[in-house]
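Working notes, beginning with the structure itself.
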Amino acid sequence: MLLHESRRSARTTPDGEIILLEDQDRSLWNREMIAEGVERVRHAFASRRIGPYTVQAAISALHAEAPGSAATDWSEIVALYDLLLRIDPSPVVELNRAVAIAMRDGPEAGLTQVERLLAKGELDNYPLAHSAKAELCRRAGRMKVARAAFERALELTEQEQQRRFLERRIGELRKD
């Protein structure tokens, strides 16, 4: 929680619009909170009592310590998601792992994983799964599929802030 809180001021614009992690101004992140959070993660791993929250915190620590998205250790994040899948398997963890694979290996690699998950049906009504598919399609240049996936995510989303984000993404794709 400390690591997530450290990024609060960079997560949204002054008018409340969502800013994705990779687009956040990392100079706004609270470095003292990050240092404390990272130290707590190290202590938790040293105790050898590693549970799902410890692994999730380690993933957050890697994001928080990286100077930018491109400098993030995506291989380590994938490995941590592999560990998390063994400790606490779920379709959402698989989805997050797929996104990390996309960041490490490219959008098509992650998209293969996301589409496999969606085909299983467990995440069919989960808007973030469709949003992830849309974003990876957008990055892969598959704009028509991206637009349809963003529209499906929008159909499923109830939070106004997320709806505005998705509407903005759909609008950007219409310009292309």
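Miscellaneous remarks
- Residue among I101, I19 that is touching a strand residue (DSSP E or B) at 6+ places or on another chain (Cβ under 9 Å), surrounded by 15 or more Cβ atoms within 10 Å (Cβ to Cβ) and either aliphatic (A, V, I, L, M) or over 30 Å from R142 (Cβ atoms) (or both): I19
- Cβ pairs under 8 Å, 6+ apart, first in segment 133-152 and touching a residue at least 12 places away in the same chain (Cβ under 8 Å) and hydrophobic (A, V, I, L, M, F, W, C), second open to solvent by 70 Å² or more (accessible area, probe 1.4 Å) and not in a helix (DSSP H, G or I): M143/D176
- Residues that are under 21 Å from N96 (Cα atoms), part of a helix (DSSP H, G or I) and open to solvent by less than 20 Å² (accessible area, probe 1.4 Å), drawn from segment 143-172: A146, A149, F150, A153, L166
- Residues satisfying the criterion are absent from segment 120-142 (criterion: within 18 Å of L20 (Cβ to Cβ), assigned to a helix (DSSP H, G or I), in contact with a strand residue (DSSP E or B) (Cβ under 8 Å, 6 or more places away or on another chain) and open to solvent by 60 Å² or more (accessible area, probe 1.4 Å)).
The values are calculated or read from the model by the stated rules, or taken from the named source; none is laboratory data. This one's a predicted model, so the numbers in the text were calculated from it and none came from an experiment. Glycine gets a Cβ as well: all are built from the backbone with ideal geometry, and neighbour counts include every protein chain shown. Remember, those area values only see protein heavy atoms, side chains included, never the ligands or the DNA or RNA. Shrake-Rupley method; radii C 1.70, N 1.55, O 1.52, S 1.80 Å.
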